[in-house]
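**Q** Please read through the structure below; I'll follow up with questions.
The values are calculated or read from the model by the stated rules, or taken from the named source; none is laboratory data. Predicted model, so just to flag it, every value in this text is computed and none were measured. All Cβ positions, glycine included, derive from the backbone under ideal geometry; neighbour counts span all protein chains shown. Only protein heavy atoms, including side chains, enter the accessible area calculation; ligands, DNA and RNA are left aside. Shrake-Rupley method; radii C 1.70, N 1.55, O 1.52, S 1.80 Å.
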Amino acid sequence: MKNPYLLVKNLTVQAGKFKLQDISFSMQPSDYLVILGATGSGKTILLETLVGLRAPVKGQMFLGEREITNLPPERRSFGFAYQDSLLYPYLNVKDNILFGARAKKKDREQAVLERLERISNKMGIAHLLDRYPHSLSGGEKQRVSLARSILLNPPILLLDEPLSALDPRMRQSMQELLRELHLSEQIGIIHVTHDFNEALQLGTKVLVMDQGRVVQQGKPMQIFNKPETLAVAHFLLVENIQEGKIVKADGLSYFRQKGNSLTLGPVSQATRDANTDQKAYLLARSGNIRLALSDGEHNREPNSWLARVEYKNLYHTHVDVFCKGCGYWQVALSIADWQRMGLRQGAQVQLSLKKEDLHVI
Amino acid sequence: MDLKHQSRSRTIFKKGLLFVFFWGILLLIILFFLLLIYSLVSYSNYETVVNVLRDPEFHFALKFTLGTSLLATALATIVALPCGYLLSRYRFPGRAFFDTLFDIPIILPPLVSGIALLIFFGPFLGEQLARLGIKAVFSPLGVVIAQWFIAAPFAVKTFKHTFSSLDRRMEKVARTLGFTPTMVFYRVTMPLARNGIIGGIIMAWARALGEFGATAMLAGITRMKTETLSVAVFLNMSIGDMKFAIATALVMLLIALTLLVILKVFLSDEVRV
């Protein structure tokens, strides 16, 4: 395996009464790392530490072979942008973008000026170069801020909630721009957000933070489908969280709840089989639960159970069906399936989960 | 329905009365201020003002006031910039105490400040300072010191407020762009604080220009020696030369209004860089 490009080891940071604890992760330039967490989870403090604006109490950071733990921000040269663009009001757009180059006395170099032209064309801000920040729209400011942070080819670009101040339309185009930048400039991006959709759409790797700790990391879909703690599940809005217990019998382990028993697999493979007969939670995404009409007979699929339709919520993309039977379940159906089945309130249905979608913690 | 309608119209009526009262107070105050200025202007005439403007004593007072107040303002700015910056940016033991110290000259009557300065530069340290060639009591230097003492706290307060109101993330971004902390101060903090700093300087200058109490105590009221415009007004009023006093007062009013306009321009949020 390739050596990590950015390696963070056991980073601990004290920020007033708040503490970031024992943060470890790594990334490659090809990674688009999304740091996900609720407000107050320590995302911005982590970003400020990575960029060199805060000194860690403990831990190490490496960029390639070089240790950067104690380097000041101006010598790390990471690209960094906060959620509000923070352009300098006394400089025009061109000087704002060239501001970093000016610090390094490179603002007159031909190569830098050519890159400025290329970047501003790519970002659609070439016509704004002589304007001052107060006359720009939110989206334009954000693009200028992004251009400023990548002008000098930073090894890594760190973005603090880059999309949250934008309206939905601008957000979409900015998201495309970020993806395009990541691919075309070959720049590793660390993107902090509280919105899991951004992680799903942009991230190649996700790090979930809660109360100053990394609680889970992995690929976006893996985290989306298999949160490892209840806190992560709640934060990621897992629709179905059912309480029960894990029971072992005949070499198999089961998730058992009132009136229902789902086979998890052979004991050796079962999730946390050590915790048998202890409280456990089944986490299931509404899109992973399969729903079929049932005549009430017991010729059911494995890992299925019967329920009745209670009510539905109709959206322009899908229908959320709420069913009661061995607990309450939220199931997402496509509009076509919903229409085909003609489900009504009180209809008896069979709900089931594929073995690979059975996630018990 | 009717009841609802009635109660709404009663609320509007009450609100209406309240606003009539507010507007009334505002208009009365404006009228009073305008009449005050008019009474001052009407008590003099063009010829008298022109004569006073040609008077050597007036020339002396004007030049002396501008010279001392500008010097005092420059000194106040030099002291207030680091003080305002440190008080705004750093938490250190005794910070609240130092911050309160700067309030003392603001809340103290200038006459009392003047007595304190007189004792300090007189019986307390006067001899030692005289050996170093510094003579503040009853001298033009005393005028500068008194004006500086009164003006500097205003500058410190304004600068502190200005630095506190800046978005520190602007500075952080500059660090990530390659600026050292010193470069950030010159290239980011100072340009961002520019309007507030100019506002503070003008405020300090306005205080120094009109200073009377502390100046009178420390530097004395000596014609053509420590005679600032305020002192000139007082001196001439006390000998019954109303024309001179009023003409001088008018010039001071003009200077004050000009400074006020400049201050408004620099402190206004609508004015963009």
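**Q** Which of the three applies to the range B:17-70, rounded, prolate or oblate, going by the alpha-carbon gyration tensor with a ≥ b ≥ c and a/c under 1.5 meaning rounded?
**A** Verdict is oblate for the range B:17-70.
**Q** Still on this model: In straight Cα distance, which aspartates and glutamates are under 15 Å from B:Lys160, not counting same-chain residues fewer than 8 positions off?
**A** B:Asp99, B:Asp103
**Q** Give the shape of chain B as rounded, prolate or oblate, defined through the alpha-carbon gyration tensor: a ≥ b ≥ c are the square roots of its eigenvalues, a/c under 1.5 means rounded, and otherwise the shape is prolate if a/b is larger than b/c and oblate if not.
**A** oblate
**Q** Looking at chain A, send over the antiparallel percent of its DSSP beta bridges, to the nearest 5.
**A** Percentage antiparallel, nearest 5: 75.
**Q** What net charge do the residues around A:Leu181 carry, taking every other residue with its C-beta under 11 Å from that of A:Leu181, with Lys and Arg at +1 and Asp and Glu at -1? Could the numbers behind the result be given before it?
**A** Numbers: positive: A:Lys122, A:Arg143, A:Arg179; negative: A:Glu176, A:Glu180, A:Glu185.
Combined, the nearby Lys, Arg, Asp and Glu give 0.
**Q** Taking a cut-off of 35 Å, what percent of all Cα-Cα pairs in chain A are separated by more than that?
**A** The proportion of pairs with Cα distances above 35 Å equals 39 percent.
**Q** If you count the DSSP beta bridges with both ends in the protein assembly as shown, what percent of them are antiparallel, to the nearest 5?
**A** 75
**Q** Another question, then. All other residues with a Cβ under 10 Å from the Cβ of A:Val93 taken together, and with Lys, Arg as +1 and Asp, Glu as -1, what is their net charge?
**A** Neighbour charge sum, excluding A:Val93 itself: +2.
**Q** Would you compute, from DSSP H runs of 4+ residues alone, the mean residue ellipticity of chain A at 222 nm, taking -39500 (n - 2.57) per run and dividing by the full residue count, rounded to the nearest 500?
**A** -7000 deg cm²/dmol
**Q** So, one more: If contacts are Cα pairs under 8 angstrom and at least 6 residues apart, what is the relative contact order of the range A:238-360 in percent?
**A** It comes to 29 percent, rounded to a whole number.
**Q** Sticking with this structure for a sec: Which angle between 0 and 90 degrees, to the nearest 10, do you get for helix A:138-150 versus the longest principal axis of chain A when only C-alpha atoms count?
**A** Roughly 70 degrees, rounded to the nearest 10.
**Q** Same structure again: Suppose a student asked you for the relative contact order of the range B:162-273, using Cα pairs under 8 Å spaced at least 6 residues apart; what percent would you report?
**A** Reported relative contact order: 25 percent.
**Q** Then there's this: Which whole-number value in Å² is the accessible area per residue of the range A:149-286, probe 1.4 Å? Don't skip to the end; give the middle numbers.
**A** Numbers: 6240 Å² over 138 residues.
For the range A:149-286, the per-residue accessible area is 45 Å².
**Q** Have a look at the range B:172-195 and report residues whose accessible surface goes down by 20 Å² or more when the remaining protein chains are included, against the chain on its own, probe 1.4 Å, ligands and DNA/RNA excluded.
**A** B:Lys172, B:Val173, B:Arg175, B:Thr176, B:Leu177, B:Gly178, B:Phe179, B:Met183, B:Arg187, B:Val188, B:Pro191, B:Leu192
**Q** Moving on to the next point. Considering all projection directions equally, how large on average is the shadow of the alpha-carbon convex hull of the range B:128-260, in square nanometres?
**A** Projected area, direction-averaged: 11.0 nm².
**Q** In the structure displayed, which of A:Lys58/B:Lys172; A:Lys9/A:Lys248; A:Lys106/A:Lys219; A:Lys258/A:Lys312; A:Lys43/A:Lys104; A:Lys58/A:Lys245 lie more than 31 Å apart, Cα to Cα?
**A** In this structure, A:Lys9/A:Lys248; A:Lys106/A:Lys219; A:Lys58/A:Lys245 lie more than 31 Å apart at Cα.
**Q** With Cβ to Cβ distances under 13 Å as the rule, what net charge do the other residues near A:Thr39 carry (K, R +1; D, E -1)?
**A** -3
**Q** Among the aspartates and glutamates, which have Cα under 19 Å from the Cα of B:Lys135 when same-chain residues fewer than 8 positions away are ignored?
**A** B:Glu127, B:Glu227
**Q** Show me the helices of chain B, taken as full DSSP H stretches, that run 15 Å or more along their long axis by Cα and average 1.6 or above in Kyte-Doolittle hydropathy.
**A** B:242-267
**Q** Would the range A:17-62 count as rounded, prolate or oblate if I go by the C-alpha gyration tensor, calling it rounded below 1.5 in a/c and otherwise prolate when a/b exceeds b/c, oblate otherwise?
**A** Cα axes put the range A:17-62 in the oblate bin.
**Q** Now, a different point. Based on alpha-carbon centroids, what's the gap between the range A:211-255 and the range B:154-202 in Å, whole number please?
**A** So the two Cα centres are separated by 48 Å.
**Q** Okay, next question. Given a 1.4 Å probe and no ligands, DNA or RNA in the count, how much accessible surface is buried by B and A, both sides, to the nearest 100 Å²?
**A** 2100
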